[in-house]
Amino acid sequence: MSKKTIVSDGQRAASDPLAGQTADARYKSFNMTVDPWSVIATLDYGDDRTMVSTIERMILDADPSQHPGFEEKLLKCAADEACTEAGYGFICRLLALIASPKSVAALKKNLTSDNENIAFLTRMAIEQVPGEEATAALRAAAGALKGREAEGCAGAVAARTRAQ
Amino acid sequence: MNVSRRDFVKCAGVAAGAAAAFPTIIPASVLGQDAPSKVLTVACVGVGGMGLSHIKQLVDRKTVRIVAVVDVDAFHQKRAAQIINKKYGNEDCRMIGDFREVTRSKDVDLITVATPDHWHAIPAIDAIRNGKDVFVEKPLTLTVREGQVLVEELRKHKRVGQTGTMQRSFEGFHRAAELIRNGRLGTIKHIDVLIPANNRYVGATWKPEPVPAGLDYDFWLGPAPYAPYTSQRTHYQFRFNLDYAGGQTTNWGAHYLDIAQWALGMDESGPVEVDGHGVYPSSGLFTSPTRVDVRYTYANGVTMRMRTRTDGISDGNIIFFGDKGSLDVSRSKLKSNPESILKEKIGDDEIGLYKSRDHFGNWIECVKTRERPVSDLAIGHKTNNLCNIGNIVMQLQRKLKWDPVKERFDGDDMANRLLTRAMRGPWSLA
């Protein structure tokens with residue numbers, strides 16, 4: 001062994017949260033990190049996005065066969081009552097890339113949220129879903145909304161028709 | 001009713017001889033469109049940094065009169081109006097917060113748009129639908145879909161639209177493109193495009209701040225998703241946030257990829273394959289790539305690589321490589337290898353590219369003749385597609401096939417979803 005090697009006495013510093021634990025527990029902790037999926041719901045505007053960026057990268061890199069699984073996980077995060085507005089926005093941006101009619105069914109009630117930002121973020125996800133379910137959901141929301149999101153939603157339906 | 005300028009000023013008691021010495025400002029609703037001495041009224045939408053540049057280009061011309069400035073920032077409005085009023089010697093320039101007051105006004109003939117990118121399409125489309133001709137800054141639109149609608153409306157309403165890719169009116173770029181189109185480099189094999197690095201920096205987090213007095217922040221956001229105000233989000237820095245712009249890929253790519261398209265004769269088309277490997281920040285306010293690297297392949301085999309330069313120069317550069325030589329061109333140089341290429345003359349029976357030496361002047365002239373200008377919006381849109389698909393493949397980190405006519409990716413649903421995005425109400429492309 002090199003003379004420069006300093007052999008630990010196996011004791012952690014008193015300030016270490018793992019101090020005093022048995023060797024097995026300490027070893028287990030070496031393999032644990034925060035689950036980035038749990039961070040999404042607590043994301044706030046301006047927060048460090050490094051953790052949630054890993055999820056973004058997973059989804060961007062995913063094979064299309066993996067999209068349904070990721071969609072389900074995102075919808076579960078979105079359904080979390082504690083999910084923040086910024087977290088919901090992050091989820092909707094990712095759903096916009098992979099959402100299917102399943103997302104339309106799960107989220108369409110939010111198209112008419114009293115929170116204008118939530119209503120728009122939901123539309124961001126649903127507008128990208130092809131097919132009649134999404135069109136019908138947007139049309140229904142346009143009829144029920146008031147204010148500028150009503151115009152935005154109606155415009156989205158018209159723009160969708162034009163694009164087709 | 002069409003009233004000739006001479007009849008109008010006679011009735012006003014001004015001698016015809018004196019009227020010939022200076023133009024009288026008469027709204028378009030009074031004079032006929034074909035009156036040769038008609039001064040065109042202009043409203044400038046977006047009068048921050050680039051908008052001031054537009055004003056300086058227009059305010060000395062006798063053929064146009066700036067009658068209004070539009071900006072969501074009252075400070076910008078006031079600064080711009082002061083410049084215009086000082087030049088004209090009056091206090092007539094209107095300061096407006098909502099572009100619809102000018103795009104729908106019968107007293108305005110022309111609209112210039114120099115807003116952040118996420119606000120290019122909507123005012124331009126509204127202006128066109130209301131009978132105005134437009135000058136829209138590059139990059140033309142935030143998404144491919146916006147550009148498609150903009151060009152459709154331009155043609156439908158038979159308006160004249162110029163993209164702000166002013167390098168097409170620079171002699172050096174025109175010369176380079178003409179030499180290439182006439183085979184002086186032989187068969188083009190490859191093109192290198194270098195663009196400047198980001199020139200603004202932020203950390204991994206940011207804090208919401210109070211909106212400064214005089215800024216209509218909600219209008220500034222417009223069709224973009226809501227996010228709390230923070231000072232590094234707006235004005236020059238919008239360029240580095242993908243909710244509002246496309247980073248240096250579009251900021252500079254729009255200029256130099258445009259020259260590549262021109263030189264290759266691809267103004268109605270584009271590449272058929274694109275591959276991207278950008279480097280993105282993992283956190284922070286800025287979301288555009290800090291290092292751009294995109295490779296394009298055209299159907300004829302020509303390859304092009306656009307990447308961030310590392311030498312600190314704050315200009316772009318484009319180098320064409322052919323089997324008979326190379327051309328290296330930027331705003332400050334035009335070099336060839338061998339040097340004899342630059343001495344070549346283009347014959348009368350050869351391809352002569354559209355010649356403009358005054359980008360705004362060309363637009364105004366075309367407004368009068370109803371010809372297409374040198375950077376017609378359709379050309380700007382095709383160029384902008386290269387920028388937008390470049391950003392898409394860099395985000396996705398994969399090589400994709402692109403149909404430049406249908407303007408869709410082959411076989412990648414996620415990539416095609418990125419060609420458009422939702423707009424916050426009340427805004428839409430409808």
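Could you list, in sequence order, the residues of segment B:393-408 that are in contact with a strand residue (DSSP E or B) (Cβ under 6 Å, 6 or more places away or on another chain) and either of a type in the set (A, V, I, L, M) or facing another protein chain (nearest Cβ under 8 Å) (or both)?
B:Val393, B:Met394, B:Leu400
Can you tell me which residues in segment B:150-183 are of a type in the set (Val, Ile, Thr) and assigned to a helix (DSSP H, G or I)?
Those that are of a type in the set (Val, Ile, Thr) and assigned to a helix (DSSP H, G or I): B:Val151, B:Ile180.
Scan segment A:128-136 and tell me whether some residue there is buried (at least 17 other Cβ atoms within 10 Å of the Cβ), under 23 Å from A:Ala62 (Cα atoms), within 10 Å of chain B (Cβ to nearest Cβ) and touching a helix residue (DSSP H, G or I) at 6+ places or on another chain (Cβ under 9 Å).
Checked segment A:128-136: at least one residue is buried (at least 17 other Cβ atoms within 10 Å of the Cβ), under 23 Å from A:Ala62 (Cα atoms), within 10 Å of chain B (Cβ to nearest Cβ) and touching a helix residue (DSSP H, G or I) at 6+ places or on another chain (Cβ under 9 Å).
Mind checking which residues of segment B:118-145 are over 24 Å from B:Glu371 (Cα atoms) and surrounded by fewer than 24 Cβ atoms within 10 Å (Cβ to Cβ)?
Residues satisfying the conditions are B:Thr143, B:Val144, B:Arg145.
If I filter segment B:59-96 down to residues being assigned to a helix (DSSP H, G or I) and among the aliphatic types (A, V, I, L, M), which single residue comes out as nearest to B:Ile364 (Cα to Cα)? First the steps, then the outcome.
Kept after step one, since they are assigned to a helix (DSSP H, G or I), are these residues of segment B:59-96: B:74-88.
Filter again for among the aliphatic types (A, V, I, L, M), leaving B:74, B:80-81, B:83-84.
Numbers: B:Ala74: 28, B:Ala80: 21, B:Ala81: 21, B:Ile83: 21, B:Ile84: 19 Å.
Per the criteria, the residue is B:Ile84.
Which of (1) out of contact with any Phe, Trp or Tyr (no Cβ under 9 Å at 6 or more places or on another chain); (2) buried (at least 24 other Cβ atoms within 10 Å of the Cβ); (3) within 14 Å of another protein chain (Cβ to nearest Cβ) does B:Gly411 not meet, given it meets every other one?
Result: B:Gly411 fails condition (2) only.
Please count how many residues of segment A:63-86 are hydrophobic (A, V, I, L, M, F, W, C) and at the interface with another protein chain (Cβ under 9 Å from one of its Cβ atoms).
1
Right, B:Tyr229: at pLDDT 95 or above, part of a helix (DSSP H, G or I), outside the structural domain of B:Arg100 (by TED's automatic domain parsing) and touching a strand residue (DSSP E or B) at 6+ places or on another chain (Cβ under 9 Å) or not?
For B:Tyr229, the condition - at pLDDT 95 or above, part of a helix (DSSP H, G or I), outside the structural domain of B:Arg100 (by TED's automatic domain parsing) and touching a strand residue (DSSP E or B) at 6+ places or on another chain (Cβ under 9 Å) - is not met.
Looking at B:Lys87, B:Lys138, B:Lys78, B:Lys106, which is the one that is basic (Lys, Arg) and closer than 29 Å to B:Phe409 by Cα? Step through it out loud before you land on a result.
Details: B:Lys87 fails: closer than 29 Å to B:Phe409 by Cα; B:Lys78 fails: closer than 29 Å to B:Phe409 by Cα; B:Lys106 fails: closer than 29 Å to B:Phe409 by Cα.
So the residue among B:Lys87, B:Lys138, B:Lys78, B:Lys106 that is basic (Lys, Arg) and closer than 29 Å to B:Phe409 by Cα is B:Lys138.
Within segment B:204-225, does at least one residue satisfy the condition of being more than 17 Å from B:Asp117 (Cα to Cα) and of a type in the set (Ser, Thr, Tyr)?
For segment B:204-225, residues more than 17 Å from B:Asp117 (Cα to Cα) and of a type in the set (Ser, Thr, Tyr): present.
Among (1) touching a strand residue (DSSP E or B) at 6+ places or on another chain (Cβ under 8 Å); (2) within 14 Å of another protein chain (Cβ to nearest Cβ); (3) of a type in the set (D, E, K, R), where does B:Asp376 come up short?
(2)
Is it fair to say B:Lys368 is under 21 Å from B:Glu268 (Cβ atoms) and not small (Gly, Ala, Ser)? Before you say what the answer is, go through the steps one by one.
Numbers: under 21 Å from B:Glu268 (Cβ atoms): no; not small (Gly, Ala, Ser): yes.
Criteria not met by B:Lys368.
Checking the condition under 30 Å from B:Asp126 (Cβ atoms), away from every other protein chain (no Cβ under 14 Å), small (Gly, Ala, Ser) and assigned to a loop (DSSP other than H, G, I, E, B), which residue from B:Ser356, B:Ser314, B:Ser332, B:Ser428 passes?
B:Ser356
Looking for something under 16 Å from B:Phe135 (Cα atoms) and part of a strand (DSSP E or B) - is there at least one such residue anywhere in segment B:45-58?
Yes: one or more hits.
Filtering segment A:75-112 down to residues that are β-branched (Val, Ile, Thr) and within 13 Å of the chain's Cα centre (by Cα), which residue is surrounded by the most Cβ atoms within 10 Å (Cβ to Cβ)?
By that ranking, first place goes to A:Ile91.
Yes/no matrix, rows are residues, columns are (1) assigned to a loop (DSSP other than H, G, I, E, B); (2) modelled with pLDDT under 95; (3) not aromatic (Phe, Trp, Tyr):
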{"position": "B:Asp243", "(1), (2), (3)": "yes, no, yes"}
{"position": "B:Gln248", "(1), (2), (3)": "no, no, yes"}
{"position": "B:Asp258", "(1), (2), (3)": "no, no, yes"}
{"position": "B:Asp267", "(1), (2), (3)": "yes, no, yes"}
{"position": "B:Phe286", "(1), (2), (3)": "yes, no, no"}
{"position": "B:Arg295", "(1), (2), (3)": "no, no, yes"}
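Going through segment B:335-353 one residue at a time, which ones are under 29 Å from the mean Cα position of the chain (by Cα) and either assigned to a strand (DSSP E or B) or within 20 Å of B:Met306 (Cα to Cα) (or both)?
Correct list: B:Lys335, B:Ser336.
Quick check on my filter: what residues within segment A:113-127 are surrounded by 15 or more Cβ atoms within 10 Å (Cβ to Cβ), in contact (Cβ under 8 Å) with a residue 24 or more places away in the chain and either assigned to a helix (DSSP H, G or I) or not charged (D, E, K, R) (or both)? Don't jump to the end; show me each part of the working.
Of the residues in segment A:113-127, the ones surrounded by 15 or more Cβ atoms within 10 Å (Cβ to Cβ) are A:113, A:116-127.
From what's left, in contact (Cβ under 8 Å) with a residue 24 or more places away in the chain: A:116-127.
Once the filter is applied, which keeps residues that are surrounded by 15 or more Cβ atoms within 10 Å (Cβ to Cβ), in contact (Cβ under 8 Å) with a residue 24 or more places away in the chain and either assigned to a helix (DSSP H, G or I) or not charged (D, E, K, R) (or both), segment A:113-127 yields A:Glu116, A:Asn117, A:Ile118, A:Ala119, A:Phe120, A:Leu121, A:Thr122, A:Arg123, A:Met124, A:Ala125, A:Ile126.
Is there a residue being surrounded by fewer than 21 Cβ atoms within 10 Å (Cβ to Cβ) and touching a Phe, Trp or Tyr at 6+ places or on another chain (Cβ under 6 Å) anywhere in segment B:382-404?
So far as segment B:382-404 goes, yes, one or more of its residues are surrounded by fewer than 21 Cβ atoms within 10 Å (Cβ to Cβ) and touching a Phe, Trp or Tyr at 6+ places or on another chain (Cβ under 6 Å).
State yes or no: is A:Gly89 within 30 Å of B:Lys399 (Cα to Cα) and either more than 8 Å from chain B (Cβ to nearest Cβ) or assigned to a loop (DSSP other than H, G, I, E, B) (or both)?
No, not satisfied.
Are there any pairs, at least 6 apart or on different chains, whose C-beta atoms fall under 6 Å, with the first in segment B:339-355 and over 10 Å from B:Arg184 (Cβ atoms) and the second modelled with pLDDT of 95 or more and among the aliphatic types (A, V, I, L, M), and if so, which?
From segment B:339-355, the pairs are B:Leu353/B:Ala177; B:Tyr354/B:Val374.
The values are calculated or read from the model by the stated rules, or taken from the named source; none is laboratory data. No experiment lies behind these values; they were computed from the predicted model shown. Using ideal geometry, Cβ is built from the backbone for each residue, glycine included, and neighbour counts are taken over all protein chains shown.
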